Amino acid sequence: MRLKTSIKKISAIGLSLAMTIGMVPIWSTQALAETAQKAYEVILEPTMVYDNVYSSFGNKFIVSKNSLSGVVGEDGKEIIPCIYSGIKGIYGNKYLAQSKDSIWSLIDEKGNTVTKFQKKYQDMHGSEDELYGYISDEEGTDLLDSKGNVIEHFVANDSDLYTGTIKYDNIILLTDRKHFIAANYVKTTSDHEDVEHLYLITLDGKIVKDIGECTGWTDENNSIVRFVQYDEKNEDSYYNTGYVNMDGKTIMENNYDDSAIIDLGIEMYDNNEYTLYDLSTFKKIWTLKYTSNEDEKCEEYVINDKGIYFNIDNKNWYYVDKETHTKKTLAVDGKVSRLQTVGDNLLLGFGYDSDKIIAYIFDLNGNIKNKFEYKDVNYLANDINDSNGKILTLRYYTDDWKNEYVDAYDLSTGKKILQKYNDINTDDGKWFIAQKDGTLYLINSNGENIATIGKGDYGYVNEVGQFLSVRFFTSDGKYLGTYAYNNKGKKLMDIGDQSDLEKIDFANDCVLVTKYGKTTSYEIIDVDGTSIIKGTDCAADSKLTSDDMWIITKIAIKDSNNNWKMFTGKNKATVNLGSYNSLYFSGNIVVGYNYDSKGQNRTYEIMSSVDGTMIIPKGQIEGISEPYDGNKYAVKVNGKWGIYKFNRVTAATTPSTPSTPSTPSTPAAKITTPSNAKVAKVKAGKKKVTISVKKVKGAKGYLVQYSTNKKLKKAKTVTTKSVKKTLKKLKKKTYYIQVRAYVVKSGNVKVTGDWSKIKKVKVRK
């Protein structure tokens, strides 16, 4: 479960249900105001006669009357009359409004029409700088600008756009939305990966470029496709890479076996030379030949963001700056080999000295920072680096390759943290899962073994406040278990495969454990493993931290008897809130409500989100909107809507009003789980990735999960209501991405479908 943001958003269906009340209030407006004078202020007496009222921008509200929608201000005056079939608030204080004839318009905050869209869309929504018009499942979705121009078109099946006559085995629409990569499968008897014959074609089937037989391709940007071809004659790698633009112009020189797109252009390189091409013209900008005559041989080369390092005849190492093209001789002996980039600004190389193998750490100028010596080993190699570039692990073999070990070092200090384990895994450099003789151990950053996990071959650890989630597996990837530990190494509980630990902002010594399965359960435990509260449903507010982690700010859990308890964190205390079908937090208040089997006839109670103090008991209000402007709400009383401001109160400041015992709760209306989402396309850019999701019918939005780990360990999750999401500020690494759709059930709890298949994409810097 992904817990909610601090400001709750209610779906269109949820809003309609929330505002439709069938009971008759038993108290007058005056009595209502007198009940909790300290708890709230009346901004506008209930005078607005609408079926539904909910927040839009600032002090404006979208309202509906007789199935038609409009906009009113906090003073109750209409800004946009109720003449539209539907209306949505979007960025920039503008609205998307649909007329009775299904034509949508973009309207400003004063009610003036900015743009009238000519095409009929079933639905429209907007983001910060884009508009999306949904046509149908068959016809797809348009991406538009504010003037109604179609920028891109998304369809459920890319091949639906194809109007040519040639039949291909596979057709994939490119980012420019004007071309396909079409493929015909090729039968091969070789032992390398499957080959496809690729063509660059237009939407109407015109072949722009017959690319040939390829082992893979990527859509690099709006104008260039990178492809890979198998070449048995290329003894170094057996693969060549090339690029084709939308005009069919190609870079493909068989002497190159690797390439990349960088800020400076397209770079292609091998053991002979490095060449830089202009991105738009494909013309050569600069070529570096590693050797100056036929007698010289380039033994090894390394290329990073700053420059090119290469070794000539195992004697001299050189460095050439990519931008200035200046060349310098490095103070590195030619005996040092297998040079590679580690950490942020370091190089790793291996040297040989009689019976020793030495791992050298250099700065980018070739100066030695540290060295690690190994005697009587057959081989020495870099194993892994953590995501922060702080840890170096070295794998080595002894006794004529009979025994395999791994050591771990702190790159900043050169300190050996772990020694002679069979396997070591870390992501953040603070916690390790290390394996020795078939047993896994939990180890801290000082190299201290704080817990024996049990039998297994490898595992992952994720830190959540004072808690750790540990997942472990066999060597062939078979899942063995997931345990929760505290950061002292005490095993707290088995939390299962499908599980989450989420940090509680106001109680760092406690954590929320969410277990998924046929049924979902929620439990708050402390650092000793003591269960504070557990149940079958959860309501929470969360905030997103600067490192993209969700932290719970308010939380309540419903037990098997439908009773809700709020966790306060103070001496691990809980507060009984009462029996409700559903409950949600909203600013200074928590709203509990019951309803019938159809989701109708709701009865509300409003309590303080600080300590559960009753503010408005059952029978006094008929509906409440989402908040605006710091805890102001539209409230329905006696069939009319007014504006109330709820203050932060406790039992000490506001007298509690006795509540009429709640009626036995009835089963909630069934919410259908959404269909599984699919990733239509991923596009890598400069420090960013754009994901296109195939639209799922009925979905209110999508969760996008991404990580540099192929098992999505320590993955980050973001939410989007659009079928397109751009992830920014990424590192130059390979990312693994999956998505799933969600709907919103009563109480603002997301119901999700299954995760999609994982897509892999490499980010350029």
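Quick note: the coordinates plus some simple rules give every number you see, no bench work behind them. Not measured: the values here are computed from a predicted model. Cβ atoms come from the backbone with ideal geometry, glycine included; neighbour counts cover every protein chain shown.
The simple spin-label model puts a point 7 Å past each Cα toward its Cβ; for N382 and K167 those points are separated by 5.0 nm. Here the calculated FRET efficiency for K328 and D75, from their Cβ-Cβ distance with R0 = 60 Å, stands at 0.25, rounded to the nearest 0.05. Cross-link check: pairs K515/K694; K369/K416; K283/K686; K686/K732; K94/K683 evaluated at a Cα-Cα cut-off of 20 Å; pairs beyond the cut-off: K515/K694; K283/K686; K94/K683. Each of I79, F154, I433 was scored by the projection of its Cα onto the charge dipole of the chain, and the greatest displacement toward the positive side belongs to I79; charges sit on the C-beta of Lys, Arg, Asp and Glu. For K478 and N316, the FRET efficiency from 1/(1 + (r/R0)^6), where r spans their Cβ atoms and R0 equals 51 Å, is about 0.55.
Taking every alpha-carbon pair under 8 Å whose residues sit at least 6 apart, the chain reaches a relative contact order of 10 percent.
As a ratio to 2.2 N^0.38 Å, the alpha-carbon radius of gyration computed for the range 181-324 takes the value 1.16. In loop segments of the range 296-346 as defined by DSSP, the trypsin sites (Lys or Arg not before Pro) with at most 14 further C-beta atoms inside 10 Å of their C-beta are K297, K306, K315, K335.
Largest first, the three principal axis extents of the alpha carbons in the chain are 100, 64, 47 Å in whole numbers. In the range 678-762, Cα pairs under 8 Å separated by at least six residues give a relative contact order of 32 percent.
Rounded to the nearest 20 debye, the dipole size of the range 678-762 about its Cα centre is 540 debye, using +1 on the Cβ of Lys and Arg and -1 on the Cβ of Asp and Glu. Cβ-Cβ distance of N304 and S531, R₀ of 60 Å, FRET efficiency by 1/(1 + (r/R0)^6): the value works out to about 0.75. Listing E448, E45 from fewest to most neighbouring C-beta atoms within 10 Å gives E448, E45.
Quick check on my link table: of K322/K687; K534/K678; K390/K731; K88/K716; K534/K725, which ones sit more than 25 Å apart, alpha carbon to alpha carbon? Flagged as over cut-off: K534/K678; K88/K716; K534/K725. For the chain, a simple Cβ point-charge model (Lys and Arg +1, Asp and Glu -1, everything else neutral) yields a dipole of about 2660 debye relative to the Cα centre. Between N149 and Y397, the modelled labels are 6.1 nm apart [label points 7 Å from Cα along Cα→Cβ]. Taking other Cβ atoms within 10 Å as a rough exposure proxy, Y277, Y230 sort from fewest to most as Y230, Y277. Backbone amide hydrogens, once placed in the peptide plane, bring K554 within less than 5 Å of D541, excluding anything fewer than 5 places away on its chain.
Shown in residue order for the range 552-564 are the 3J(HN,Hα) couplings computed by the Karplus curve 6.51 cos²θ - 1.76 cosθ + 1.60 at θ = phi - 60°: 6, 9, 8, 7, 9, 10, 9, 8, 5, 9, 6, 9, 9 Hz (x for Gly and Pro).
Based on alpha carbons, the Rg and Dmax found for the range 513-560 are 12.0, 36 Å. From its DSSP helices (H runs of at least four residues, each -39,500 (n - 2.57)), the chain gives a residue-normalised ellipticity at 222 nm of -500 deg cm²/dmol. Anything over 24 Å Cα to Cα? Flag those among K518/K757; K503/K598; K167/K187, in the order listed. Where the Cα-Cα span goes over 24 Å, the pairs concerned are K503/K598.
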